[in-house]
Amino acid sequence: MNTLSAMRSAWRALRANPLRSLLTMLGIIIGVAAVITMIAIGQGATERVQEHMKVLGANVMLVLPGSSNSGGVRQGAQSSQALNEVDAQAIALEVPEVQVAAPSSRATVQAVYGGTNWSTPVFGATNDYLEARDWPLASGRLFEAAEAQGAAKVVILGQTVARELFGDQDPVDQVIRLRNVPVTVIGVLALKGQNSWGSDQDDIAIVPLNTFRNRIQGDAAGRVKRVASISVKVRDGNDMKVAEDNIRELLLQRMRVQPGADEPFRIRNLTEMLQAQEESSRTMTLLLSAVAGVSLIVGGIGIMNIMLVSVTERTREIGLRMAVGARGRDILTQFLIEAVTLSLIGGAIGVLLGAIATWAVGQFAGWQVSMTLNSIVLAAGFSALVGVFFGFYPAKRASELLPIQALRHE
């Protein structure tokens with residue numbers, strides 16, 4: 001018996017008991033669908049984290065003030081006024097792993113243009129801030145050196161602020177007011193989107209740091225060059241942990257912090273946080289896929305049981321085939337093909353259901369999902385292996401029947 005004849009015979013045997021065949025395939029169907037859906041959800045979560053990493057900027061750390069202590073009473077986070085612009089310059093010059101260290105301060109003000117206004121965060125920063133964040137301009141230009149040093153009345157707008165104030169009009173060279181200070185728009189940032197905390201990063205206006213201190217903030221902070229944070233970008237190929245340790249050691253020395261005392265600053269390794277989220281997503285995907293894979297194994301056990309029943313029911317048929325010249329390997333091939341056919345049909349239906357489930361999760365749950373060809377091939381291939389593995393024993397048992405005993409079976 002050739003392979004084609006064995007496949008036709010296997011197909012006729014499966015069609016003879018369609019309900020039993022369907023119930024036998026049920027475990028395979030559920031297992032394949034579950035594996036595909038879980039992998040799609042996990043892949044979607046991983047891609048979302050990777051998108052956040054691109055939006056945030058690669059190899060980025062944030063140095064923030066720590067908590068202050070007044071009369072034994074500890075204040076809240078970032079209540080310390082320890083950081084200043086000179087600290088940022090020292091980090092950039094003395095830590096070899098650092099590409100740029102960009103100081104910045106922030107305040108929320110009302111931006112006004114004509115009869116339109118919009119409340120937005122205003123950052124006082126340098127051009128290095130945009131380099132640290134991997135944030136290009138969509139139009140216009142960066143701050144010139146003279147503008148940064150002389151507290152010029154210029155501003156770069158994020159896409160959201162530009163849209164809310166100007167609509168479809170080009171904002172470059174237009175004059176807006178920030179806290180009643182007239183400033184000229186010199187550039188518009190490229191679209192950045194939401195960060196991993198759901199905040200709109202495009203809702204921002206950036207002015208030179210000296211402009212922020214002297215004209216927007218207008219308090220004593222300008223005299224000591226205090227800043228609210230320092231954005232640090234580490235050079236590609238350098239260890240983030242080593243850079244973090246070097247920055248911490250430098251700041252502790254500069255601030256003359258005694259051993260064992262509380263650090264007046266905090267370093268947040270944003271890339272490391274997102275990488276941890278990505279690793280968690282991958283681990284959860286593997287765990288859920290393993291759980292879903294149990295359904296495939298259960299389905300395989302079901303196939304083995306049904307194939308054993310089928311061998312018992314068709315013992316006389318097997319004896320008759322052997323009596324007219326069929327060899328043991330022909331019987332083995334026939335039953336093995338039946339088991340694999342059950343698995344493959346179940347796998348095909350499972351792939352279809354998995355695709356539908358993946359679409360439903362993306363549409364109705366609002367999760368980011370990503371169904372890949374690799375997940376389909378993996379699930380379908382595993383289902384075929386289940387058919388071969390669990391179908392081999394019944395097929396082997398059928399091939400070893402003696403013709404005389406098989407013909408006498410009642």
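No lab work stands behind these numbers, since they all come straight from the coordinates. Since this is a predicted model, take the numbers as computed values, not measurements. Here the Cβ is made from the backbone with ideal geometry for all residues, glycine too, and neighbour counts use every protein chain on show.
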Problem set entry | Amide H within-cut-off set for F265, under 5 Å, with H built and near neighbours excluded | G66
Exercise. What order do you get for S375, S370 when you list them from fewest to most C-beta neighbours inside 10 Å?
Worked result: S370, S375
Exercise. Quick one: putting +1 on the C-beta of Lys and Arg, -1 on the C-beta of Asp and Glu, what dipole do you get for region 83-254 around its Cα centre, in Debye to the nearest 20?
Worked result: 640
Exercise. Got the relative contact order for region 83-254 handy, in percent, Cα pairs under 8 Å and 6 or more residues apart?
Worked result: 33
For this session: Run down the aspartates and glutamates and flag those whose C-alpha is under 18 Å from the C-alpha of K225, throwing out any fewer than 8 positions away in its chain.
Result: E85, D87, D128, E147
Exercise. Which order results if V63, V175 are arranged by neighbouring Cβ count within 10 Å, fewest first?
Worked result: V175, V63
Exercise. Each label point is 7 Å from the Cα along the Cα-to-Cβ direction; what then is the distance between the points at Q89 and K153, in nm?
Worked result: 2.8
Exercise. Using only the Cα atoms, what convex hull volume per residue in Å³ does region 83-254 have?
Worked result: 119
For this session: Subtract the Cα-Cα distance of Q174 and D200 from 0.36 nm times their separation in residues, and report this length gain in nm to one decimal.
Result: 7.0 nm
Seminar exercise, completed: Rounded to the nearest 0.05, FRET efficiency between V112 and R141 (Cβ-Cβ, R0 25 Å) equals 0.60
Exercise. What does the highest-first list of 253-266, 91-104, 230-243 look like by mean Cβ count within 10 Å?
Worked result: 91-104, 230-243, 253-266
